[in-house]
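Contents: one structure, followed by commentary.
Bear in mind that the values in this text are calculations on the coordinates, not laboratory data. Just so we're clear, the structure is a prediction, and the values are computed from it rather than from any experiment. Glycine gets a Cβ as well: all are built from the backbone with ideal geometry, and neighbour counts include every protein chain shown.
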Amino acid sequence: MRVLVVDDDEDVLNVVSLSLQARWPDSTVQCTADAATALSLFEQQPDVVILDLELPDGDGVDLRKRFRRQSQAGIVILSVRNRPQDIVEGLEAGADDYVTKPFHQPELVARVMAVLRRAEPAQLGHMAVCANGELVIDSAAREMRLRGQPVKLTATEYNLLNELAAGRRKCMTHRTPLARVWGPAYTDSVDSLKAYIQHLRRKLGDSPIEPRIIATEHGIGYKFIA
């Protein structure tokens, strides 16, 4: 596994690097404190990027967007910005997870593990088609097309939609996709699930009021309109 850690705090770089290498001794962890070097190191195609949003030579938000345009590598934001708005904006811009400082080392390692797990191909149904035929999900090929055009989703967004589609017309409670996509430790993270559903709806042009793809069962969960 190859990890890129971008943070302007040397102590954070050391702690994160030691924590990751303790968990994955054979991993390659590269660290940098500036955006310019991060862009260069990103060319080596890391599996996961742990990214601070405040860097001396640039904004981590712009850096994250550039990473996402180039690759589907897992991106974990590690930032002192802890407002709900900051977290939502981070996820909307393509991050797979968001951890606020100060942080606990075991939690960060667990979140990196979860991001890696989400990036693995989901072993779900072969194909799902929404009711009006606009959206086609081919799980075997790991492809998604909206009105015949490929849809660009993060690994987490894809796995979440694929999980909902596997249930077809059945309503999934909040805990079910959280457990299957994020892992059993995240079954109470309902706000994160709601944020991801909002991201998916925006990318798919779906409305929560008149849904064509994802329907909300208020107080219960969500249903794919198969």
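Amide H to amide H under 5 Å from residue 55: which residues, 5+ apart in sequence or cross-chain, H placed 1.01 Å off N in plane?
Amide H neighbours of residue 55: 60.
Assign one of three labels to region 127-224, namely rounded, prolate or oblate, based on the Cα gyration tensor with a ≥ b ≥ c the square roots of its eigenvalues; rounded applies when a/c is under 1.5, prolate when it is not and a/b is larger than b/c, and oblate otherwise.
Working: a/c = 1.68, a/b = 1.36, b/c = 1.24.
Judged from the Cα gyration tensor, region 127-224 comes out prolate (a/c at least 1.5, a/b above b/c).
Say a paramagnetic label sat at a point 7 Å from the Cα of residue 191, along Cα to Cβ; which residues of region 54-88 have their backbone N under 20 Å from it?
Hits in region 54-88 for residue 191 at 20 Å: 76-88.
I need the peptides 185-192, 144-151 ranked by packing, meaning the mean over residues of other C-beta atoms within 10 angstrom, with the highest value on top. Display every interim value, and only then the final one.
Numbers: 185-192: 14.8, 144-151: 13.2.
So the order, starting with the most tightly packed, is 185-192, 144-151.
In whole angstrom, how far apart do the alpha carbon centroids of region 182-202 and region 53-98 sit?
17
How much net charge surrounds residue 208 when only the other residues with a Cβ under 15 Å from the Cβ of residue 208 are counted, with Lys and Arg +1 and Asp and Glu -1? Please report the intermediate quantities before stating the final value.
Details: positive: 194, 201, 202, 203, 212, 223; negative: 206, 210, 217.
Neighbourhood net charge equals +3.
Angle between the Cα long axis of helix 10-23 and the longest principal axis of the chain, 0 to 90 degrees, nearest 10?
60
Among the lysines in the chain, how many pairs, 8 or more places apart or on different chains, have alpha carbons under 23 Å apart?
14
Which value in nm describes the separation of the simple spin-label points at residue 109 and residue 8, placed 7 Å from the Cα toward the beta carbon?
Label-label distance for residue 109 and residue 8, simple model: 2.9 nm.
Please report the relative contact order for the chain, taking Cα pairs under 8 Å with a sequence separation of at least 6, and give it as a percent rounded to a whole number.
Details: 382 pairs, mean separation 31.5, N = 226.
Across the chain, relative contact order equals 14 percent.
Run the helix sum for the chain: -39,500 (n - 2.57) per DSSP H stretch of 4+ residues, divided by residue count, reported at 222 nm to the nearest 500 deg cm²/dmol.
Working: 7 runs with 84 residues, N = 226.
Rounded to the nearest 500, the figure is -11500 deg cm²/dmol.
Looking at the chain only, what percent of DSSP beta bridges run antiparallel? Nearest 5 please. Working shown, then result.
Numbers: 17 of 34 bridges.
Beta bridges within the chain, antiparallel portion: roughly 50 percent.
For residue 135, enumerate residues with amide H under 5 Å from its amide H, sequence gap 5+ or separate chain, H modeled in the peptide plane.
130, 147
Net charge near residue 34, counting Lys/Arg +1 and Asp/Glu -1 over other residues with Cβ under 11 Å of its Cβ? Provide the component values of the computation, followed by the final result.
Details: positive: none; negative: 7, 8, 52, 57.
With Lys, Arg at +1 and Asp, Glu at -1, the neighbours total -4.
Does region 2-119 come out rounded, prolate or oblate by the C-alpha gyration tensor, with a ≥ b ≥ c the root eigenvalues, rounded set by a/c under 1.5 and, if not, prolate when a/b is larger than b/c and oblate if not? Intermediate results must be reported in sequence, preceding the final value.
On the way: a/c = 1.22, a/b = 1.13, b/c = 1.08.
Rounded, because the longest to shortest axis ratio a/c is under 1.5.
Can you pull the one-decimal nm distance between simple spin-label points at residue 142 and residue 26, each 7 Å off the Cα toward Cβ?
The modelled label-to-label distance comes out at 1.9 nm.
Quick one: order 65, 223 by neighbouring beta-carbon count within 10 Å, fewest to most. All intermediate terms of the calculation are to be shown ahead of the outcome.
On the way: 65 13, 223 18.
Least to most surrounded, the residues fall as 65, 223.
Multiplying the sequence separation of residue 54 and residue 92 by 0.36 nm and subtracting their Cα-Cα distance, what value in nm do you get?
On the way: separation 38, 0.36 × 38 = 13.68 nm, distance 1.79 nm.
Value of the extension gain: 11.9 nm.
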